[in-house]
Amino acid sequence: MLFNSFSFAIFLPIVFAIYWLLPHKFRWILLLIASYYFYMSWNVKYVILILFTTAVSYFAAIYIEKAKDKKRKKCVLIWAALLCLGVLFFFKYFNFATESISNILSLFTIQISPLTINLLLPVGISFYTFQTLSYVIDVYKGEVKAERHFGYYATFISFFPQLVAGPIERTRNLLPQIKERHLFDYSEATYGLKLMAWGYFKKIVIADTLSRYVGTVYDNPQQFTGFSLVLASLFFTIQIYCDFSGYSDIAVGTAKLLGINLMNNFQSPYFSQSVKEFWSRWHISLSTWFRDYIYIPMGGNRVGKAKKIRNLMVTFLVSGLWHGANWTYVVWGGLHGLAQSIENLFVSKKKQSELTGRIKWGRVALVFMFSTVAWVFFVSNSLSDAIYVFQHAFDGISAPLAYLRDGFSKIYIDWTILLKMVVMIIPLGIYDYVSLKKDVIIEIGKKSLIKRWTIYVILLLVIVFFSQKGIAAEFVYFQF
């Protein structure tokens, strides 16, 4: 069930109404039923997978907490991780692994046919697998207590607003809220609705509009040369941000309607002045997950420079692989790891701290350009497609006016369409810039009745006017 579908428009009000009418002790049951129904709307069969990973992590955590022997605790932790990651590997990486092995062997003139399995990737499997893993690891480290109530725990893992594309919630934040008694708070609920509206604006108005042009080029980049490749790459940089942060806004807003606070997953990442800062603002729940469960356990930044670079590279290469079973994602992750390593080598700690102060637009532009270059690998279907884009992106630039004109015309963008895009993106830039210091939704709420409702009505009209009627486009991160 997509957030931007008609079925969700029916589903959410029903869940919202029943939730607040039910006594507190029954609400978790409603959330669990609603969450499993939400997940099964994609494929009923794959509910077995989330049940399996939920059960494995639930019983493993209880055993780990009860066990006295450290070796047994560690053994159970390893087995639980292997079982959960094994499911993820089989569905997401099996074909990639066998094809990669076949390609490597072919370099040594050993020809074998890769064994591939035609499987549909379960929606959200990477997200809920990481959530179960962090829970078991936290119990093992003694940071949280093992949850004895299977229903509460199953609701925590499957909570529908963040189930299929995050945020990847931590036990200490979400699980207690599942069990807490909530009283309806009008201001929190209206805040959630406003955040959802902003998320829909980013997804339906900006991301879905840009995706048509990105798809036109990147589905078959060899048909294009010059500025059309640059345009598509710039469009994707904005598209993926609006698509994914839009989903997160809708997820956080939906949870607020139910009195539950999820973590903020994005904080104006394209205003970052370093790659390190970018990752403190982009997909925060995932970047902090990798920091806490991979980077820090490897030694983090408490080691020498060489090992610190190793830790960064391993973390980002794994991050790239998490995003998809393709070498393009690994290269994308490697580029970000390399960029952070260079920053650590050549930018002093004092200089790095200065980058979080007053905005220096040259640095912002540099990080944005780097992000765009890295996104080329992310959006490309293969490494050869990405290389083609770099090789031909500046064909014809010696005649600048013709270069620009041909780029727009090849993907059927005239000046009216371009103006519409600019008008759409300007509010995004203003919102994110103001968000660096203030909560925009709260600030709008402080304005007079006429001013704030004028803004709300315009936003809703724009969403309705620009939406593709009868079509609910998937969110980009559903494939991960």
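Just so it is clear, none of the values below were taken in a lab; they were calculated from the coordinates. This one's a predicted model, so the numbers in the text were calculated from it and none came from an experiment. Cβ sites come from the backbone with ideal geometry, for glycine too, and all protein chains shown count toward neighbours.
Run the paramagnetic zone check for MET369: 7 angstrom along Cα to Cβ, then residues of region 216-247 with backbone nitrogen under 19 Å. Only 226-238 pass the distance filter. In region 385-424, the inverse of the mean reciprocal separation of distinct Cα atoms equals 11.5 Å; this is its Kirkwood hydrodynamic radius.
Just to verify a number: FRET efficiency for ILE110 and LYS307, C-beta to C-beta distance, R0 = 35 Å, to 0.05?
Working: r = 35 Å, r/R0 = 1.00.
Approximately 0.50, to the nearest 0.05.
Return the FRET efficiency for the residue pair ASN261, GLN222: r is the Cβ-Cβ distance, R0 is 35 Å, and the value is rounded to the nearest 0.05. FRET efficiency, ASN261 to GLN222: 0.15.
So what is the relative contact order of region 257-320, in percent, for Cα pairs below 8 Å that sit 6 or more residues apart?
Details: 45 pairs, mean separation 14.0, N = 64.
Over region 257-320, the number comes to 22 percent.
Using C-alpha pairs below 8 Å separated by at least 6 residues, the relative contact order for the chain is 18 percent.
Spin-label model, THR98/SER7: points 7 Å from Cα along the beta carbon direction are separated by 3.0 nm. Take the Cβ-Cβ distance between HIS149 and PHE89 as r, set R0 to 22 Å, and report the resulting FRET efficiency rounded to the nearest 0.05. With R0 = 22 Å, the Cβ-Cβ based efficiency is 0.15. With 24 Å as the limit, the listed pairs LYS45/LYS92; LYS68/LYS145; LYS145/LYS305; LYS70/LYS145 have LYS145/LYS305 beyond it between alpha carbons. Farthest toward the positive end of the dipole of the chain, out of THR315, VAL464, VAL136, is the Cα of VAL136, where the dipole comes from beta carbon charges about the Cα centre. Taking the alpha-carbon distance from LYS360 and a cut-off under 22 Å, which lysines remain once sequence neighbours fewer than 8 residues away in the same chain are dropped? Output for LYS360: LYS276, LYS349, LYS350, LYS351, LYS437, LYS438.
Between VAL87, ALA67, VAL47, the Cα set farthest toward the positive side of the dipole of region 43-87 (charges on each charged residue's Cβ, about the Cα centre) is that of ALA67. Computed across region 153-280, the Kirkwood hydrodynamic radius from all distinct Cα-Cα pairs reaches 16.5 Å.
Let me check I have the definition right: for region 1-72, take the eigenvalues of the Cα gyration tensor, multiply each by 5, take square roots. What are those semi-axes in whole Å, largest first?
Values: eigenvalues 213, 64, 12 Å².
Taking √(5λ) for each Cα gyration eigenvalue gives 33, 18, 8 Å.
With +1 on the Cβ of every Lys and Arg and -1 on the Cβ of every Asp and Glu, and nothing else charged, how large is the dipole of the chain about its Cα centre, in debye rounded to the nearest 20?
On the way: 47 positive and 26 negative charges, 368 e Å.
Here the chain has a charge dipole of around 1760 debye.
Summarising the overall dimensions of region 181-228 from its C-alpha atoms, the Rg and Dmax are 19.0, 59 angstrom. Output ³J(HN,Hα) for region 84-98: one whole-Hz value per residue in order, computed from phi by the Karplus curve 6.51 cos²θ - 1.76 cosθ + 1.60 with θ = phi - 60°, and x for Gly and Pro. The phi angles translate into 5, 5, x, 5, 4, 4, 4, 7, 9, 10, 4, 4, 4, 5, 5 Hz. Dipole magnitude for region 117-263: computed about the Cα centre from +1 point charges on Lys and Arg Cβ and -1 point charges on Asp and Glu Cβ, it is near 240 debye. Spin-label model, LYS179/PHE59: points 7 Å from Cα along the beta carbon direction are separated by 2.2 nm.
Per the Kirkwood formula applied to alpha carbons, the chain shows a radius of gyration over Rh ratio, Rg over Rh, of 0.96.
Dividing the alpha-carbon radius of gyration of region 1-120 by the rule-of-thumb value 2.2 N^0.38 Å gives 1.56.
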